[in-house]
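To start, the structure under review is shown below, and the notes come after it.
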Amino acid sequence: MFEAIAPLILLIALGVILGRSGFLDEKRRRVVDALLFHLLMPAFILARLGSASLDMTVLADLLVLVTGLVSSTGVAMLLLRRPLCFVLGGISGVTFTSLLQGTIRNNFFIPFAIAETANLDLGGLLAMATVMNILPATALSVFALTRHGDHATRPGWKCSLVTLVKNPLVMAALAGTGLSLSGIGLDGPLEGALRLLGNGVLGLALLAVGAGLRLGNMPHARMGIFGISLAKLALLPLLAALLAHALDAAATTTATAVLLHTAPTAAGAYILARQLGGDGETMAAIISFQTAACMFTMPLMLYLLGIRIV
């Protein structure tokens, strides 16, 4: 288990060093983030999903374990927003949107990095699970930010819908799904070019995660950050494992879903929060805290739930 996690820790630690030294300063990080978000991440998803071949049983199981679990969690949080805000210290609706993103979104590069480090043949399954997470999580996040974000900066419904549809990850996910399910797939020079683009993304993404870690100043919503992080890193993986057992899902399908849910929230959540009038400070703290915590919680949860990563 540690052998699969250790390379991630080393790369994130290197990112921290590069960030603190000034080499990956704010200006360079913006360039790296833009490159990852608009080009490398979409190429990574499209290359793995476009050539994947999945049967309908696996798709149905993943639909429940990923889309169903993420959607039901997000909808439940939206319906219980007022009591949740009260219990978590009287936080505002704007801060609530960051807590929502921190619960239902996933940094899928960490599961991919673990799978590839451990030589697990989960690329196609993780790509499909990523699609099934990105679509509902992004849609619910945009809805929450549009409804409860800062009135002075949040855009209207049309602008939010365009933001969702034009999201490069969403576009890559939809294109890859279409290629995979239609049987057209990817082949030849195009597949080779996309794989070359995507091959360097895992290491660069982990360096960017490390460079962006900021644990010094936690905002006022500490109870909320700790609470949703516990739900994200422990409760959701447990629910995914229980659902997989109830569905009698294949071992690889179960491993894929649990691995995805043990990951911290997506680094892109900060960008979305800033674009749509959310609480960027709290979002940055959630990303940093969960990323640091997952180095300990991921191996623990995988071990407790019987997911063997060697």
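Things worth noting here:
- Three-way shape label, region 36-95, alpha-carbon gyration tensor, a/c 1.5: oblate
- Bins of 5 Å from zero: percent of alpha-carbon pairs in region 240-285: 5, 21, 19, 10, 9, 12, 14, 10, 1
- Highest-MSF residue in the chain out of 260, 99, 14 [GNM, Cα springs under 10 Å]: 14
- For region 234-310, the equivalent ellipsoid derived from the Cα gyration tensor has semi-axes of 28, 14, 9 Å, listed largest first.
- Taking a Cβ cut-off of under 13 Å around residue 18, the surrounding Lys, Arg, Asp and Glu residues balance to a net charge of +1, with basic ones at +1 and acidic ones at -1.
- Surface composition of the chain: carbon plus sulfur atoms hold 67% of the accessible area, using a 1.4 angstrom probe and ignoring ligands, DNA and RNA.
- Cα-only Debye scattering, the chain: base-10 log of I(q)/I(0) at q = 0.12 Å⁻¹: -0.76
- Summed side-chain charge close to residue 263 - residues other than residue 263 whose Cβ falls under 11 Å, Lys, Arg +1, Asp, Glu -1: +2
- When the charge dipole of region 23-95 is built from unit charges on Cβ atoms (+1 for Lys and Arg, -1 for Asp and Glu) and taken about the Cα centre, the candidate among 62, 86, 43 whose Cα reaches farthest toward its positive end is 86.
- 222 nm mean residue ellipticity, helices alone, for the chain (DSSP H n ≥ 4; -39,500 (n - 2.57); rounded to 500): -22500 deg cm²/dmol
- Rounded to the nearest 20 debye, dipole of the chain from Cβ charges on Lys, Arg, Asp, Glu: 960 debye
The values are calculated or read from the model by the stated rules, or taken from the named source; none is laboratory data. Just so you know, these numbers come straight off a predicted model, no measurement behind them. Cβ coordinates were reconstructed from backbone atoms using ideal geometry, including for glycine residues, and neighbour counts include every protein chain displayed. Areas reflect the complete protein model, heavy atoms only, side chains present, ligands, DNA and RNA absent. Shrake-Rupley method; radii C 1.70, N 1.55, O 1.52, S 1.80 Å.
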